[in-house]
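Enquirer: The structure follows.
The values are calculated or read from the model by the stated rules, or taken from the named source; none is laboratory data. Predicted model, so just to flag it, every value in this text is computed and none were measured. Note that each Cβ is placed from the backbone with ideal geometry, even for glycine, and that neighbours are counted across all protein chains shown.
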Amino acid sequence: MRTTYERDYLKSTVALLTAMALWGSTFITTKIALNEVPPFLLTSLRFIIGFGILLPFAYQRGFRFNIIKQPVILS
């Protein structure tokens, strides 16, 4: 049976290796994708995909969008 320290060390190592693999592959993927997709669209898609991946984790931790119930007067 592993101790808490060993489990945390293993989790953090796996998380770091996963982040390194994703970050490293982004440059290759971007270079290939820019031949087919305009830069602004590619950047927008990356942000939308990232938002979609991170939103469930934020929601699980208690993040909620504040919806304004009354109109906002800007001027």
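Enquirer: Mind counting the residues in the stretch 24-57 that are under 11 Å from the mean Cα position of the chain (by Cα) and among the hydrophobic types (A, V, I, L, M, F, W, C)?
Expert: First, the residues of the stretch 24-57 that are under 11 Å from the mean Cα position of the chain (by Cα): 46-57.
In the following step, the residues that additionally are among the hydrophobic types (A, V, I, L, M, F, W, C) were identified as 47-49, 51, 53-55, 57.
Residues meeting the conditions: 8.
Enquirer: Taking interchain pairs and intrachain pairs at least six residues apart, which have beta carbon atoms under 9 angstrom, with the first residue in the stretch 50-75 and of a type in the set (Phe, Trp, Tyr) and the second modelled with pLDDT of 75 or more and loosely packed, with under 10 Cβ neighbours inside 10 Å?
Expert: Filtered contacts from the stretch 50-75: Phe63/Phe57.
Enquirer: Is one or more of the residues making up the stretch 48-62 modelled with pLDDT of 95 or more and surrounded by 10 or more Cβ atoms within 10 Å (Cβ to Cβ)?
Expert: Checked the stretch 48-62: at least one residue is modelled with pLDDT of 95 or more and surrounded by 10 or more Cβ atoms within 10 Å (Cβ to Cβ).
Enquirer: To continue, here is another question. Take the stretch 3-23 and flag every residue that is exposed (fewer than 10 other Cβ atoms within 10 Å of the Cβ) and assigned to a helix (DSSP H, G or I).
Expert: Thr4, Tyr5, Trp23
Enquirer: Read through the list (1) modelled with pLDDT of 90 or more; (2) of a type in the set (D, E, K, R); (3) assigned to a helix (DSSP H, G or I), then give the number of the only condition that Glu36 fails.
Expert: (3)
Enquirer: Would you check which residues across the stretch 44-75 are under 30 Å from Ala33 (Cα atoms) and of a type in the set (A, V, I, L, M) and list them?
Expert: Listed by number, the residues that qualify are Leu45, Ile48, Ile49, Ile53, Leu54, Leu55, Ala58.
Enquirer: Something else: Please name all residue pairs, on different chains or six or more residues apart, with Cβ atoms under 7 Å, provided the first residue is in the stretch 34-49 and is under 19 Å from Trp23 (Cα atoms) and the second residue is among the small types (Gly, Ala, Ser) and surrounded by 10 or more Cβ atoms within 10 Å (Cβ to Cβ).
Expert: Leu42/Ala33
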